[in-house]
Amino acid sequence: MDVRYINPFLEATVNVLGQFGVADVRRGKLQKKNKMQVDLDITSVISLVGEVRGNIALSLSEKTARGIVSTMMMGMPVDTIDEIAISAIGEFTNMVTGNASITLSNNNLSVDTTPPSVISGKDIFFIISSVETLAIDIETQHGKIELNIGLEM
Amino acid sequence: MGEIVMLFYNSLKDMLEQMAGINLELDQEQGTEGPGFKSLGLSSIITFAGRIKGRLLIDMEPAVGLQVAANIYGQEFSNVRDPLVMASISELNNIVSGDSTTQLNDRHGLGIRLAPPIVFTGSDVTISIPKLKSQTLGCKTEFGKVKINIAFEGGTV
């Protein structure tokens, strides 16, 4: 996977978190995976179609999700992951992918995004790409977000 | 919504029969879904964009997935996380979604393009698609239950 396609997603995640007011956002470890085993409770997936085709998944624990959604909602306490919180996580993914798509289109790559699906549960085992998946940890004040990128390039 | 659900169901029924020799029937006993879709254990999602955007989801009990892979590859599988089992369900969804959206594009000129499939398994899995209405169709095979779920925005098909 070419770094030109990875960086827009990484930058978009960091920027969007910063816009929400989430503190201590920094890039953690990066790893290449054939399969995506997630030990985190919630994964939000959005796909791309067009000149760049693939899936982007943001995984986070319930605690991290509650913290980020609370920050998105101006500090309102979030005790459970209800329908509103799920919608906020979907919107977060939408914003990340939308921002990255703008950067890609500024580089003359036409892409369209699809609606997000938010998947929650325990011990989830995913395959998001038949090629390879790149996983980048993003550390925040609320805990880790795992950005999984599976582009078919 | 009705047209796309039935296109998807008929295509899944045909492909399960052709690829794996498994008969799919409607199951009237399965009730309607709440706001979150509860997975039966093994799911594949394909989303799409074009004049309308949305999601096509095939969900099944693990026993159905194991049997689909067994019938395609001619060998027994015991673990639903086996890459060949996951790949079988992912490819099944790819073919079914490709077939049904091609028909929709031909009939309505929707210009739908499919994203690559996602396939996953886990415990107590709920799948939500925020802000979009979705429709679920309960189905069954002799090996267990199957559910189809369709959600889309920006049109009425």
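The values are calculated or read from the model by the stated rules, or taken from the named source; none is laboratory data. None of these values were measured; they are calculated from a predicted model. For neighbour counting, all protein chains shown are included, and Cβ atoms are generated from backbone atoms with ideal geometry for every residue, glycine included.
Yes or no: A:GLY21 away from every other protein chain (no Cβ under 13 Å) and either under 13 Å from the mean Cα position of the chain (by Cα) or more than 22 Å from B:PHE37 (Cβ to Cβ) (or both)?
So A:GLY21 passes the test.
Report yes if B:SER39 is facing another protein chain (nearest Cβ under 8 Å) and surrounded by fewer than 18 Cβ atoms within 10 Å (Cβ to Cβ), otherwise no. Before the answer, list the steps.
Numbers: facing another protein chain (nearest Cβ under 8 Å): yes; surrounded by fewer than 18 Cβ atoms within 10 Å (Cβ to Cβ): no.
Here the answer is no, as B:SER39 does not meet what is asked.
Within segment A:126-152, count every residue that is surrounded by fewer than 18 Cβ atoms within 10 Å (Cβ to Cβ) and more than 10 Å from chain B (Cβ to nearest Cβ).
Of the residues in segment A:126-152, 6 are surrounded by fewer than 18 Cβ atoms within 10 Å (Cβ to Cβ) and more than 10 Å from chain B (Cβ to nearest Cβ).
Which one of these is closer than 22 Å to B:GLY138 by Cβ, of a type in the set (S, T, N, Q) and away from chain A (no Cβ under 14 Å): B:SER44, B:SER100? Let's see the steps before the verdict.
On the way: B:SER44 fails: away from chain A (no Cβ under 14 Å).
Unique residue meeting the criteria: B:SER100.
Could you check B:GLN67 against (1) within 17 Å of B:GLU142 (Cβ to Cβ); (2) of a type in the set (S, T, N, Q); (3) surrounded by fewer than 21 Cβ atoms within 10 Å (Cβ to Cβ) and say which number it fails?
Among (1) within 17 Å of B:GLU142 (Cβ to Cβ); (2) of a type in the set (S, T, N, Q); (3) surrounded by fewer than 21 Cβ atoms within 10 Å (Cβ to Cβ), B:GLN67 violates only (3).
Would you pick out the residues in segment B:82-97 that are surrounded by 16 or more Cβ atoms within 10 Å (Cβ to Cβ) and either more than 17 Å from B:SER43 (Cα to Cα) or within 11 Å of chain A (Cβ to nearest Cβ) (or both)?
B:VAL85, B:MET86, B:ALA87, B:ILE89, B:SER90, B:GLU91, B:ASN94
Would you please name the residue that is modelled with the highest pLDDT, looking only at residues in segment B:67-84 that are within 22 Å of B:LEU114 (Cβ to Cβ) and touching a strand residue (DSSP E or B) at 6+ places or on another chain (Cβ under 9 Å)?
Here the answer is B:VAL68.
Could you list, in sequence order, all residues of segment A:1-30 that are closer than 19 Å to A:SER130 by Cα and surrounded by fewer than 12 Cβ atoms within 10 Å (Cβ to Cβ)?
A:ASP2, A:VAL3
Those residues that are of a type in the set (Val, Ile, Thr) and in a helix (DSSP H, G or I), I need them from segment B:49-74; list them, please. Spell out how you get there, then give the answer.
First, pick out the residues of segment B:49-74 that are of a type in the set (Val, Ile, Thr): B:52, B:58, B:64, B:68, B:72.
Within segment B:49-74, B:VAL64, B:VAL68, B:ILE72 meet the criteria.
List the residue pairs whose Cβ atoms are under 7 Å apart, where the first residue sits in segment B:96-118 and is acidic (Asp, Glu), the second is in a helix (DSSP H, G or I), and the two are 6 or more positions apart or on different chains.
B:ASP99/B:SER11
Could you please tell me which pairs satisfy a Cβ distance under 7 Å, a separation of 6+ or placement on different chains, a first residue in segment B:1-29 that is in a loop (DSSP other than H, G, I, E, B), and a second residue that is basic (Lys, Arg)?
Short answer, once both residue conditions are applied: B:LEU24/B:LYS13; B:ASP27/B:LYS140; B:ASP27/B:LYS145.
Within the group B:GLU76, B:GLU17, which residue is in contact with a helix residue (DSSP H, G or I) (Cβ under 6 Å, 6 or more places away or on another chain) and farther than 28 Å from A:GLU152 by Cα?
B:GLU76
Those residues that are touching a helix residue (DSSP H, G or I) at 6+ places or on another chain (Cβ under 8 Å), of a type in the set (S, T, N, Q) and either away from chain A (no Cβ under 14 Å) or surrounded by fewer than 22 Cβ atoms within 10 Å (Cβ to Cβ) (or both), I need them from segment B:103-155; list them, please.
Once the filter is applied, which keeps residues that are touching a helix residue (DSSP H, G or I) at 6+ places or on another chain (Cβ under 8 Å), of a type in the set (S, T, N, Q) and either away from chain A (no Cβ under 14 Å) or surrounded by fewer than 22 Cβ atoms within 10 Å (Cβ to Cβ) (or both), segment B:103-155 yields B:GLN103, B:GLN135, B:THR141.
Can you confirm whether B:ASN105 is of a type in the set (S, T, N, Q), at pLDDT 95 or above and not in a strand (DSSP E or B)?
In short, no.
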